[in-house]
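**Q** Just passing along the structure, written as structure tokens.
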Amino acid sequence: MKLENEYRQLDEMAKEAGTDKSSQFHDYMHMYAHEFTRFKDLPIRFLEIGLWEGSSAKLWENYFPNAELHFIDISLDAVKFKSGRSHYHRYNQEDPEDLQRFLEVVPGPFDIIVDDGGHTARQQLTSFSFLFPRVSSGGIYVIEDLHSSYWGGTGPGSTIHFLKALIDQVNFIGARTGRASQEEVPQEVVSEMTFYRSEIRSVSFSSSVAVIERR
């Protein structure tokens, strides 16, 4: 019941803000109520890729009263929601050099990163590779609108293919040792550990959304 009430409150905020995340279009608020409730009143650092007119900025300002909020987009020309609280940045999410410049200005770490940007595989995967290492321990990285990945095919190079491979990374230690615990890695497995095998706690999916949690 508590989670359902959180969903309804968050969905009303999304509707009022005019974002397509609400039940009037994508209906991502069930997922966000589940994932974001624990962060709600904390002084977190939040980053969203994809600002457009600023409706998401309005939503998250209302939902996260104590958060430091950052938003990036390739252009700020369409922004209608002007805010003295949120920080707007003009950077290209598929340009590694541009992302590096952003990280020099706002190095993180971030407790939450949401990719609601251009939705191409190049954009999503470039952003993830650069920004996931800046997610704090226990923080999460969200990729929205994964249905777009199916329109171009789900083979190698697609975001869906990449995310499916991350499942193998999460399960690597258990597959090698027969133990699900990730707290103590046997010495013979240490040399095989990669960043993703070491640092991803979980990968979960809901309709058109993936959530990757950092250890």
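Every read-out reported here was derived from the displayed coordinates using simple, explicitly stated rules and does not represent laboratory data. For clarity, every value in this text was computed on a predicted model and none was experimentally measured. Methodologically, a virtual Cβ is constructed for each residue, glycine included, from the backbone with ideal geometry; neighbour enumeration extends over all protein chains shown.
**Q** Could you name the lysines whose alpha carbon sits less than 21 Å from that of LYS40, not counting residues in the same chain fewer than 8 places away?
**A** Straight-line reach from LYS40, under 21 Å: LYS2, LYS15, LYS21, LYS58.
**Q** About its Cα centre, how strong a charge dipole does segment 1-59 have in debye, to the nearest 20, once Lys and Arg get +1 and Asp and Glu get -1 at the Cβ?
**A** On the way: 8 positive and 11 negative charges, 42 e Å.
Roughly 200 debye for segment 1-59.
**Q** Segment 44-214: percent of C-alpha pairs farther apart than 30 Å?
**A** The share of Cα pairs beyond 30 Å in segment 44-214 comes to 21 percent.
**Q** With charges only on Cβ, +1 for K and R and -1 for D and E, what is the dipole size of the chain about its Cα centre, in debye, rounded to 20? It would help to have the intermediate numbers written out before the result.
**A** On the way: 22 positive and 32 negative charges, 56 e Å.
Its charge dipole is roughly 260 debye.
**Q** Suppose a student asked you for the relative contact order of segment 102-215, using Cα pairs under 8 Å spaced at least 6 residues apart; what percent would you report?
**A** On the way: 148 pairs, mean separation 31.2, N = 114.
Here the relative contact order equals 27 percent.
**Q** Ordered by packing density, taken as the mean number of other Cβ atoms within 10 Å over each peptide's residues, highest first, how do 86-95, 189-198 rank?
**A** On the way: 86-95: 17.8, 189-198: 12.5.
Highest-to-lowest ranking by the protection proxy: 86-95, 189-198.
**Q** Now, a different point. Regarding segment 96-175, what is the average projected area of its C-alpha convex hull, in nm²? Don't skip to the answer; put the middle values down first.
**A** Values: hull surface 24.1 nm².
Seen from a random direction, the Cα hull of segment 96-175 projects 6.0 nm² on average.
**Q** Let me ask another. Could you tell me whether segment 46-147 comes out rounded, prolate or oblate from its Cα gyration tensor? Rule is a ≥ b ≥ c as square roots of the eigenvalues, rounded for a/c under 1.5, then prolate if a/b exceeds b/c, otherwise oblate. Numbers along the way, then the final one.
**A** Numbers: a/c = 1.39, a/b = 1.17, b/c = 1.19.
Judged from the Cα gyration tensor, segment 46-147 comes out rounded (a/c under 1.5).
**Q** Provide Rg and Dmax in Å for segment 143-215, with only Cα atoms included in the calculation.
**A** Rg and Dmax of segment 143-215, Cα atoms, are 14.0, 43 Å.
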